[in-house]
């Protein structure tokens, strides 16, 4: 399942916050409670790279993920550059 990090800004109080989730959605400001704020930027976190003892692991959020990304390893590479090249090819 796709997983995102949404960046929000509230024009009413200048508040900023992040929300992680599987959908693009309006959100209420956690500071002043202004309604229906849209994210000004969204980062796709469906596939991520993490370093571990074996190298650089590409993790994917599976279609079965619901409330959390529930990442699963899909490939391991000796360098971050190789892992990034793999992501760019997908």
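None of the figures in this text is laboratory data; all of them are computed from the coordinates on show. All values derive from a computational prediction rather than experimental measurement.
At a glance:
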item	result
Anisotropy class of the stretch 49-90 from Cα gyration tensor, a/c 1.5 cut	oblate
Shape of the stretch 4-43, Cα gyration tensor, a/c cut at 1.5	prolate
Contact order relative to length of the stretch 4-43, as percent, for alpha carbon pairs under 8 angstrom and 6 or more apart	48
Folded to 0 to 90 degrees: helix 80-89 orientation relative to the chain principal axis, Cα	70
Relative contact order of the chain, defined on C-alpha pairs under 8 angstrom at six or more residues apart (%)	26
Listed residues 52, 70, 36, most fluctuating in the chain (Gaussian network, C-alpha, under 10 Å)	52
Answer label, with P(r) over Cα pairs in 10 Å bins from 0, in percent calculated from the coordinates and candidates (i) 16, 41, 29, 13, 1; (ii) 17, 36, 27, 16, 4; (iii) 12, 22, 25, 22, 15, 3, 1	(ii)
Length added when fully stretched, residue 1-residue 82, from 0.36 nm per residue minus Cα-Cα	26.8 nm
